[in-house]
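Visitor: The structure that follows is given in the form of C-alpha cells.
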Amino acid sequence: MSELDHHTPEEPASTIESIVGTMFSRLRIIAVDMEKLQKAKEKLEHMQRRNTFFHLLGQDDDGSIYRAGSDMQVLRSKYSLISEVNKKSDEVSEEDVDFEDLSEDLCLLPFEEDRWHGYFKGFQVLTTPQAPDPNENSKCIELTAMLNCEQELKSCLLNGVRCFLIDLSVGTQHDNQSLIVKLREAEISVSKELGFPVASSVMAKLSPRHQFTGGFSTQFRQDGKTSVDLEQGKQIVLSVDRDYSDRCNEDVVYVNARFLIPDVQQFDFILVGEEIQLMVRSVHADHLKCCVARGGVLFAHMPVLFPARCRRFRISYEELEDLTFAREVGLNVVVSHIVGTSQYLDDLEHAMAVMHCDGMRLYARVVLNEIRGCKGELNWATKRYDGFLVELAEPAIMPDIMHLCPDAECFMQLAHASKKPIIFDPRLIDEQKLRVDPAHYYYTFFYPDKYVVSWSPQPKVTGYFRFLQSAIFQQICPQALAVTPYCDRSHTGADSLARAVATASLEIRAVSIVVIGVTTRMVQKIAHFRPQAPILFVSHMRSAEDYVSMYHNVTMLPFRSKCLVGHRRNVFRKAIYGLAYLVTRKLAQQNDPVILVYNHEEGTSFPEKYVVYKLDKTHFASHMAEILFTVDHDQKAQTLKDIEAI
C-alpha cells in the first residue's frame, strides 16, 4: 500500500493536511448553521428549566424571585393555559394556576378533567394521525432525503423516538445537512411544545472503503425501476461527483473512487459486478467516459473493480469527507462499513486522530448471517469498537430460516456482555423474507438495544416484527434476568446496583427509572439488564446526548445550570425536574412507583444508591427533600428549606 502523500511527478503533492483543509473550508458554513441551532436549544433549555422551578418552588433555577422577565414570556404561546385564562379574566394571576394543569395536550387546554367526570382517565387525546407505537423508544429511524419531512420528524419525537441513523454515502452533503438541520429544528419545536428539552442521538454510516456504484435517481424509484440493462456498445460515464450518489441513471453512474481516477488509463477495463465490463475511452478530473464492452444488468450499490495499477490507500477520500462532515454538523457517532481487520481499524483510528475526530465513537456494521466459522475471529472487534450496527443478508431462497454460525452467536453474546449498544436492522424479518428459529430468539429479540426502521415517502405499514418483538421480549426479560449468573466486575459494586434496580423495576412494575448522574456508566449498566420500565437520564453532560439514547429504553433529559450549587441541592433539583417531566408528560400517574438512582455521597463519581418512591403528583418536591438524604431521628429532619439553604 502506498501512503496518502504518494503522487506522480506532474501532479501537485496532496497531503492529508491539505485534503482536510479543503474539506474544512467547504464545510465551514455547515458548522455555522449547527452552532446557531445549538445556541438556540441551550437558550430554550435554560428558560424551560427556570419556568419549571418557578412553578415547583416559587423561584427559578438561579435562585432569584420570578418577576416575569422578557425571556420567560417567550415560553407563553397562544396555546398556553395561562393565555386562555387571561383572556377570560384579567384578575387571575400566574401564581393561581397550578403546575399540574399545564398540559402539552392542546385538545384538553380549554377544559378541566372533572368536566369529563374521569371518563378519559388513563387515556391521552392524540395530536398525531397515527397511534403511538408501544415500543417507539426501541426504534432507530433511518433518515432519507424527503420533501416536507418536518411533520414526520415532529411526530417521531412526540411519540418518543430518540435515535436516528443517516447514511452519508447516499445523497449529497447539502441533502444530508438539510436532514440534520431539520431534525434539530424539530427538536426545538417539540421541546417548546412539551415544555422540556428534547435530545436525540444520531449515528452516521460512513462510505465504504471499497468501490461501489451509487443509487438510482428519484424518478427511477418512482417508476418502480430497480435495475438498468446495459447493452454492449452503450456509452456511459463513471462519475466521482457525490451529487450523483443517489441520482444514477442509464447514462451516468456514481462510484466512490476519487483517489483511483488519476491512475486509470485509456483502454483500461473496469468490472462492475460479475458480468458488466466497461472499457475506458477517456479520463477526466472527476469522471471517466466509458463504453460497455460486455453488457449486463446494473443494480444499485454493486461492487466495482478497478485495474491493479490503481493506488490503494489506507483510507478512502469519501471516508475522510464523511468524517469531516460528521464533525462539522456535530455527529459524534460514526459507523464503519465493515469490521475489517485490526490493521483496518488502526488506519481508520489514525485518520480520525489526524483530523481531530478521535473523540468520536466508532461503531461497525456487521452482516450477522454472513459470519462464517467457529473460531471466534470477530471476538477482538467486541473489545475495540464502541458499538455495532447489525444487518441481515437476503437469503437465496425466500422465505428462509435465519441461520447463524457459532461465530455469529458468540459475537452477539460478547457484544451484549460488553454493554455496548447493538442496533439491529430487522427489515428482512418484518418483510417475512427471513424467519427466526426459537433457538435464536435472544440474538434477535433480546440482545439488540434498538431496531432500525426505514423511513421513506411510501412506507410499508406493517406491525409484524414490532408486535412479535414486544411479545417475545416480555416473555424473555424476566427469565433472562433470573438465569443471568451473578458476577460483579466493577470495583464499586455498580453492577450489583444496576441488577438490583432492574429486578426491583420488574417486581414493583415501576413506570420509570430516573437516573441522576454525570457519566453514562450507570445508565449503560442498567440498560444491560433490559428493564421493561423506561430509563430517564437526567444529567448536565453535553456529550452524553450524542450517544446515550442508543441504549435500551433510555431517554435523556438535559439539565444544565449556569450557577454552581452544592451536591445535595444539585441532586434534589435534578430529581424533582425528572419527576416533573414524568408528571407533565403523563408518563406517571398518582401513586405509581418510580425508582430514583442517584449519588448519595458527594465524593462518588456515579450513582451508588436507589430508592423506590410512590409518586405524589402534588407534593413530590417536598417529599424528595425528605427521601433523598435521610438523617437519624435525633437529628433535625431535612426539609425543603434546608436543602434550598445549602
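The values are calculated or read from the model by the stated rules, or taken from the named source; none is laboratory data. The model shown is predicted, which means the values in this text are computed figures rather than measured ones. FYI the Cβ positions are ideal-geometry reconstructions off the backbone, even for glycines, and counts take in every protein chain you see.
Visitor: So V329 clears everything in (1) within 17 Å of the chain's Cα centre (by Cα); (2) modelled with pLDDT of 90 or more except one condition, right? Which one?
Guide: Failing condition for V329: (2).
Yes or no, residue by residue, for (1) among the acidic types (D, E); (2) within 27 Å of G387 (Cβ to Cβ); (3) outside any helix (DSSP H, G or I):
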site	(1), (2), (3)
V523	no, yes, no
P531	no, yes, yes
K574	no, yes, no
Q589	no, no, yes
F606	no, yes, yes
Y610	no, yes, yes
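Visitor: Of the residues in region 343-397, how many are of a type in the set (S, T, N, Q) and closer than 17 Å to L331 by Cβ?
Guide: If we filter region 343-397 for residues that are of a type in the set (S, T, N, Q), which is where we start, we get 343, 369, 379, 382.
Filter once more, keeping what is closer than 17 Å to L331 by Cβ: none.
Going through region 343-397 one residue at a time, the tally reaches 0.
Visitor: Something else now. Report yes if P262 is surrounded by fewer than 19 Cβ atoms within 10 Å (Cβ to Cβ), closer than 22 Å to G340 by Cα and not hydroxyl-bearing (S, T, Y), otherwise no.
Guide: Spelling it out, it is not the case that P262 is surrounded by fewer than 19 Cβ atoms within 10 Å (Cβ to Cβ), closer than 22 Å to G340 by Cα and not hydroxyl-bearing (S, T, Y).
Visitor: Here's a follow-up. Under the condition of being of a type outside the set (A, V, I, L, M, F, W, C) and in contact with a Phe, Trp or Tyr (Cβ under 8 Å, 6 or more places away or on another chain), which residue from region 217-245 is surrounded by the fewest Cβ atoms within 10 Å (Cβ to Cβ)?
Guide: Checking each candidate, the answer is T226.
Visitor: Do we have A285 as crowded, with 21+ Cβ neighbours inside 10 Å and part of a loop (DSSP other than H, G, I, E, B) here?
Guide: Taking the combined requirement at face value, the residue does not satisfy it.
Visitor: Consider Y363 against the criteria (1) surrounded by 20 or more Cβ atoms within 10 Å (Cβ to Cβ); (2) out of contact with any helix residue (DSSP H, G or I) (no Cβ under 8 Å at 6 or more places or on another chain); (3) modelled with pLDDT under 90: it satisfies all of them except one. Which criterion is unmet?
Guide: The one condition Y363 does not meet is (3).
Visitor: Have a look at A415, A393, A408 and point out the one that is among the small types (G, A, S), within 25 Å of S138 (Cα to Cα), in contact with an Asp or Glu (Cβ under 9 Å, 6 or more places away or on another chain) and crowded, with 19+ Cβ neighbours inside 10 Å.
Guide: A408
Visitor: Which of the residues spanning region 166-206 are among the small types (G, A, S), over 23 Å from D251 (Cα atoms) and not in a helix (DSSP H, G or I)?
Guide: Once the filter is applied, which keeps residues that are among the small types (G, A, S), over 23 Å from D251 (Cα atoms) and not in a helix (DSSP H, G or I), region 166-206 yields G195, A199, S200, S201, A204.
Visitor: Which residue, of F220, F212, F164, is at pLDDT 90 or above, among the hydrophobic types (A, V, I, L, M, F, W, C) and out of contact with any helix residue (DSSP H, G or I) (no Cβ under 7 Å at 6 or more places or on another chain)? Break it down into steps so the answer makes sense when it comes.
Guide: Details: F220 fails: at pLDDT 90 or above; F164 fails: out of contact with any helix residue (DSSP H, G or I) (no Cβ under 7 Å at 6 or more places or on another chain).
Checking each option against the conditions leaves just F212.
Visitor: Still on this structure: May I ask you to list the residues in region 307-340 that are farther than 25 Å from L378 by Cα and in contact with a strand residue (DSSP E or B) (Cβ under 6 Å, 6 or more places away or on another chain)?
Guide: A326, L331
Visitor: Being modelled with pLDDT under 85 and either surrounded by fewer than 18 Cβ atoms within 10 Å (Cβ to Cβ) or more than 31 Å from the chain's Cα centre (by Cα) (or both) is true for just one of V612, V631. Which residue is that?
Guide: Numbers: V612 fails: modelled with pLDDT under 85.
Exactly one of V612, V631 is modelled with pLDDT under 85 and either surrounded by fewer than 18 Cβ atoms within 10 Å (Cβ to Cβ) or more than 31 Å from the chain's Cα centre (by Cα) (or both), namely V631.
Visitor: Consider S282 carefully, then state whether it is in contact with a strand residue (DSSP E or B) (Cβ under 6 Å, 6 or more places away or on another chain) and without any contact (Cβ under 8 Å) to a residue 24 or more places away in the chain.
Guide: Yes; evaluated as a whole, the condition is true for this residue.
Visitor: Under 6 Å between Cβ atoms, which residue pairs at least 6 apart in sequence (or on different chains) link something in region 291-308 that is surrounded by 15 or more Cβ atoms within 10 Å (Cβ to Cβ) with a partner that is assigned to a loop (DSSP other than H, G, I, E, B) and of a type in the set (S, T, N, Q)?
Guide: Filtered contacts from region 291-308: V292/Q232; G295/Q232; V304/Q211.
Visitor: How about region 421-447: which of its residues are assigned to a loop (DSSP other than H, G, I, E, B), among the acidic types (D, E) and surrounded by 15 or more Cβ atoms within 10 Å (Cβ to Cβ)? It would help to see each step written out before you state the result.
Guide: Applying the first criterion (assigned to a loop (DSSP other than H, G, I, E, B)) to region 421-447 yields 421, 425-426, 431-433, 436-437, 447.
Restricting the remaining residues to those that are among the acidic types (D, E) gives 425, 431, 437.
Result: D425, E431.
Visitor: Within region 448-461, is even one residue on the phi < 0 side of the Ramachandran plot and part of a helix (DSSP H, G or I)?
Guide: To start, the set of residues in region 448-461 that are on the phi < 0 side of the Ramachandran plot comprises 448-461.
Right, trim to part of a helix (DSSP H, G or I) and you get none.
Scanning region 448-461 turns up no residue that is on the phi < 0 side of the Ramachandran plot and part of a helix (DSSP H, G or I).
Visitor: Next question, about the same structure. Pairs needed: first member in region 232-250, without any contact (Cβ under 8 Å) to a residue 40 or more places away in the chain; second member anywhere, in a helix (DSSP H, G or I); C-beta distance under 7 Å; at least 6 residues apart or different chains.
Guide: Close Cβ pairs (under 7 Å, with a partner that is in a helix (DSSP H, G or I)) amount to N249/F220.
Visitor: On the given criteria, is A482 of a type in the set (G, A, S), out of contact with any strand residue (DSSP E or B) (no Cβ under 6 Å at 6 or more places or on another chain) and under 29 Å from V583 (Cα atoms)?
Guide: no
Visitor: Sticking with this one: May I ask you to list the residues in region 343-388 that are farther than 19 Å from E318 by Cβ and touching a Gly at 6+ places or on another chain (Cβ under 9 Å)?
Guide: Those that are farther than 19 Å from E318 by Cβ and touching a Gly at 6+ places or on another chain (Cβ under 9 Å): R361, A381.
Visitor: Taking interchain pairs and intrachain pairs at least six residues apart, which have beta carbon atoms under 7 angstrom, with the first residue in region 463-488 and outside the structural domain of E507 (by TED's automatic domain parsing) and the second loosely packed, with under 12 Cβ neighbours inside 10 Å and part of a loop (DSSP other than H, G, I, E, B)?
Guide: S470/P134
Visitor: Residues in region 423-437: is at least one at pLDDT 95 or above, in contact with a His (Cβ under 7 Å, 6 or more places away or on another chain), under 24 Å from L481 (Cβ atoms) and not acidic (D, E)?
Guide: No, region 423-437 has no match at all.
Visitor: Go through region 346-356 and give me each residue that's in contact with a strand residue (DSSP E or B) (Cβ under 8 Å, 6 or more places away or on another chain) and surrounded by fewer than 19 Cβ atoms within 10 Å (Cβ to Cβ).
Guide: E349
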